[in-house]
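One structure below.
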Amino acid sequence: MLSALISVALSITVVKIEFVASKRAVSGMAVVPVFEKEACYGVARDYLKDGGPQVKATLKGARLSAHPGTHTSLYSSDPSKLNALTFWSAGEKKRFDAELFGAKAGAAFRTRGESSLTLHLDGLSLSQDELARAAVGVRLATYRFFKHRSKVSENRLTTLKTLRITCDSPTQARSSYRSFHGPICDGQLHARDLVNEPANILFPKAYATRIRALKKAGLEIEVLGEKEMKALKMNALLGVGQGSRRESQLVVMKWMGGKRKKGAPVCLVGKGITFDTGGISLKPGVGMWDMKGDMGGSAAVVGAMQALALRKAKVNAIGIVALAENMPDGNAQNPGDVITSMSGQTIELQSTDAEGRLVLADALWYAKKTFKPCAMVDLATLTGAVLVSLGHEHAGLFTNSDKLAKEFEKSSPKAQERTWRFPLLPEYDRLLDSETADMKNSVGRVAGSITAAQFLQRFVDGTPWVHLDIAGTSSKNTRTDPREPSFAIGYGVRLLNQWIADHYEG
Ligand code: BES
Ligand code: MN
Ligand code: ZN
C-alpha cells in the first residue's frame, strides 16, 4: 500500500522509510542529536565503542553543546563502513522538535551522494507521534519539483532514498507513520505537486483527470462539466470561466468511511482557479505568475481527501473543488454585469478579479443543498489583503460558529498550520449591498478579507462553516523553513486531517 501512495505524488522525496531498534548505522550517513548541558559522550553511545578516542576528541573540539544549530561530522575512508557520522547540536532536550530536526537533517543530507540516512532518536523518550513526524520532516524537506527540468546539476539531485529512524519502540512508531502521518504527508506532497504545476499543464480538465486517478486510493469521484453545471444554474461559477478556452469543472470526491453510512458528512470545498489573470479587471503583469497557485485551496482539499482515504479515516467526508480559469477575452464577463447564482441571489460584478468568491458561492450552495453537511470548510487563496494582514504565517479563519472556532483552535497547533480568527459582523456584511443587484462582489479597500468572507457567508445558508483564506500560507517565494523548499507549501492538508481526526472520527 505504501509504495502505491508514493507513486500518486510525483514528487522527488525520500522513498523508503524504516523504523528500527538497532542502535548503530552500518552504512550511508548517520546523525546523532547532541543536547545542551548533556554529556555528549553519553549521546554518542555505541559509536564510542569502535571510534572511541576520535569521537571523544571531535565532540570535545567542536564544543557542540555550547553552540545549538551547529554540527560536525566524522568521515570514514573505508567504503564498506558508515560513511559519515554527524553530531548535531540540538539545543535543549525538553524543547526538541523531532519534525524540525528531521527536516534540517533531510535538507543537509539530501544531495550528499549517499542513498541512506539514519537518524538516531532512541533513548530520548519521544512519543510514537514525534518519531513518525521526524520522518515527515525529512520528506517535506527533501521534496523538489523538478519534473520540468531537462537537466539538474548533479550536486542538486536528490541522492537520498532510504531513511532509517532508530527508536525504542519501532513497532509503534511505524504504525503511527503508516496509519496517520505517512498518508497525510502523501496528501500534502500531492497538493504541492498540484500547486507547483504551471497553468498550461494543470487546466481544469487536466486537473479533473488527475483527481480521477485517486479512485485507486479508494475515493469515489464525480466530475461535472459545463453542461451539467448549466443545468444546475451555476452561473456564478460558469461566468468566471466563460472567457477561457478551457472548460470549467466541478469535481466531487467522496469518502464514506464513517460508522453510519448515512450520517451527515463534513464538506471540504476548495477554490481551484488554475490561473487568475484578473479577467477584464486585469492584474498587473509583475508577479502574475504566482497566480498559477490560485488553486491552492482545491489542492488542499484534494490532498486531504486523499489522506482520509489512504488512512481509512472513520468519517463521512465530501470534497468539492471548483475549477476554472479566469481570462480576459471577447467572451469574458465585464464589471457591471449582473449574474444570477445557483442560490437565486443576484450579484453585480464590481471586479472580475474577485472571482474566487464567485466560484465558491455556487460550490458552497451546491455542497449544502446536495449533501446537507454537519459542517462545511472552504479553503481559498481568496484575498491579497490576508497577505497584508498575516503574511505567510497564519491563514485567516472566519466562521459563523464559535464551536468550530474552538475545534480549529485545538487542531491547528497540533497540525503545525497556524490560523488566526477574524470577525464577521452585519456591519461588514452591509458593505456588500448593491443598488442594482442583491450584492456586489467587491467593495474597495477596507476590510478586504472580511468582506470576501461576508460574501461567502451569504451562500452557506446557516450551515456551520469555516472559511480559511490561505492566500498567504499556500505558497511563497522565500525559503525560510527547511520544511518548505518549494513555491507550494501544501498548506491545509494537515489541518483538515487533524480537525477531522480530533472531532469527527470514531
Ligand atoms: N487570487 C487573488 C488573491 C491573491 C492575491 C492570492 C495574492 C494570492 C496572492 C484573488 O482572486 C483576487 O484577485 N482578489 C482581489 C480581490 C479584490 C478585487 C476585491 C485582491 O485581493 O486584490
Ligand atoms: Mn482574482
Ligand atoms: Zn483569484
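Residue farthest toward the positive end of the dipole of the chain, with Cβ of Lys/Arg at +1 and Asp/Glu at -1: which of Gly462, Ser434, Met376?
The listed residue farthest towards the positive side: Met376.
Using θ = phi - 60° and the Karplus form 6.51 cos²θ - 1.76 cosθ + 1.60, what ³J(HN,Hα) does each residue of the stretch 408-422 get, whole Hz, x for Gly and Pro?
Per residue, the Karplus-derived 3J(HN,Hα) values read 6, 4, 6, 7, 4, x, 4, 7, 6, 10, 7, 10, 9, 6, 10 Hz.
Starting at the first residue of the stretch 426-432, write each ³J(HN,Hα) from the Karplus equation 6.51 cos²θ - 1.76 cosθ + 1.60 with θ = phi - 60°, in whole Hz, x for Gly and Pro.
Going residue by residue, I get x, 4, 6, 4, 4, 4, 7 Hz, with x marking Gly and Pro.
Cα centroid distance between the stretch 71-109 and the stretch 196-232, in Å?
Each part reduced to its Cα centre gives a spacing of 42 Å.
When the Karplus curve 6.51 cos²θ - 1.76 cosθ + 1.60 is applied with θ = phi - 60°, which whole-Hz ³J(HN,Hα) does each residue of the stretch 453-470 get, with x for Gly and Pro?
Residue by residue, the stretch 453-470 yields 5, 4, 4, 4, 4, 5, 10, 9, 6, x, 4, x, 8, 10, 10, 10, 8, 10 Hz.
Determine the sum of side-chain charges near Lys261: Lys and Arg each +1, Asp and Glu each -1, restricted to other residues whose C-beta is under 14 angstrom from that of Lys261.
So the surrounding residues net to +4.
Multiplying the sequence separation of Ile221 and Asp433 by 0.36 nm and subtracting their Cα-Cα distance, what value in nm do you get?
Details: separation 212, 0.36 × 212 = 76.32 nm, distance 3.72 nm.
In short, 72.6 nm is gained.
For n ≥ 4 DSSP H runs only, could you compute -39500 (n - 2.57) per run for the chain, divide by its residues and tell me the 222 nm figure to the nearest 500?
Calculated at 222 nm, the ellipticity per residue is -10500 deg cm²/dmol.
Take each of the peptides 436-443, 451-458, 160-167, 282-289, average the number of other beta-carbon atoms within 10 Å over its residues, and list them starting from the highest.
Numbers: 436-443: 20.2, 451-458: 24.5, 160-167: 22.1, 282-289: 10.9.
Descending mean neighbour count gives 451-458, 160-167, 436-443, 282-289.
What fraction, in whole percent, of alpha-carbon pairs in the stretch 2-185 exceed 29 Å separation?
Across the stretch 2-185, Cα pairs with separations above 29 Å total 20 percent.
Run through all the Cα pairs of the chain and give the fraction in each 20 Å bin from 0, expressed as whole percent.
24, 50, 22, 4, 0
Only Lys, Arg, Asp and Glu count, each charged at its Cβ (+1, +1, -1, -1), so figure out the dipole size of the chain about its Cα centre, rounded to 20 debye.
Once rounded to the nearest 20, the dipole reads 1840 debye.
Can you sort Glu18, Glu222 by solvent-accessible area, 1.4 Å probe, largest first?
Glu222, Glu18
Cα centroid distance between the stretch 371-386 and the stretch 439-506, in Å?
Between the Cα centres of the stretch 371-386 and the stretch 439-506 lies a distance of 6 Å.
Over the stretch 303-381, what relative contact order in percent results from Cα pairs under 8 Å that are six or more residues apart?
Relative contact order, the stretch 303-381: 23 percent.
If Lys and Arg each add +1 and Asp and Glu each add -1, what is the summed charge of the other residues whose beta carbon sits under 11 Å from the beta carbon of Leu310?
That sum, taken over residues with Cβ under 11 Å, equals +3.
Amide H to amide H, which residues 5 or more places from Ile165 or on other chains are under 5 Å from it, using H placed in the peptide plane?
Glu18, Phe19, Val20, Leu119
For Ile470, what residues show an amide H to amide H distance below 5 Å, using hydrogens built from the backbone and excluding near sequence neighbours?
Long-range HN contacts for Ile470: Ala380, Thr381, Leu382.
Just list whichever of Lys215/Lys262; Lys227/Lys476; Lys230/Lys369; Lys271/Lys476; Lys60/Lys94 have alpha carbons separated by over 28 Å in the model shown.
In this structure, Lys227/Lys476 exceed 28 Å between Cα atoms.
Name the residues whose placed amide hydrogens come within less than 5 Å of the amide hydrogen of Arg144, ignoring near sequence neighbours (fewer than 5 apart) on the same chain.
Correct list: Ile12.
Could you sort the peptides 298-308, 390-400, 489-499 by per-residue average Cβ neighbour count (10 Å cutoff), highest mean leading? Don't skip to the end; give the middle numbers.
Details: 298-308: 32.5, 390-400: 19.9, 489-499: 27.7.
Descending mean neighbour count gives 298-308, 489-499, 390-400.
Order the peptides 128-139, 20-31, 181-192, 329-340 from the highest to the lowest mean number of other Cβ atoms within 10 Å of their residues.
In descending order of packing, they fall as 181-192, 128-139, 20-31, 329-340.
The values are calculated or read from the model by the stated rules, or taken from the named source; none is laboratory data. None of these values were measured; they are calculated from a predicted model. Methodologically, a virtual Cβ is constructed for each residue, glycine included, from the backbone with ideal geometry; neighbour enumeration extends over all protein chains shown. SASA here: full protein model, heavy atoms, side chains in, ligands and nucleic acids out. Shrake-Rupley method; radii C 1.70, N 1.55, O 1.52, S 1.80 Å.
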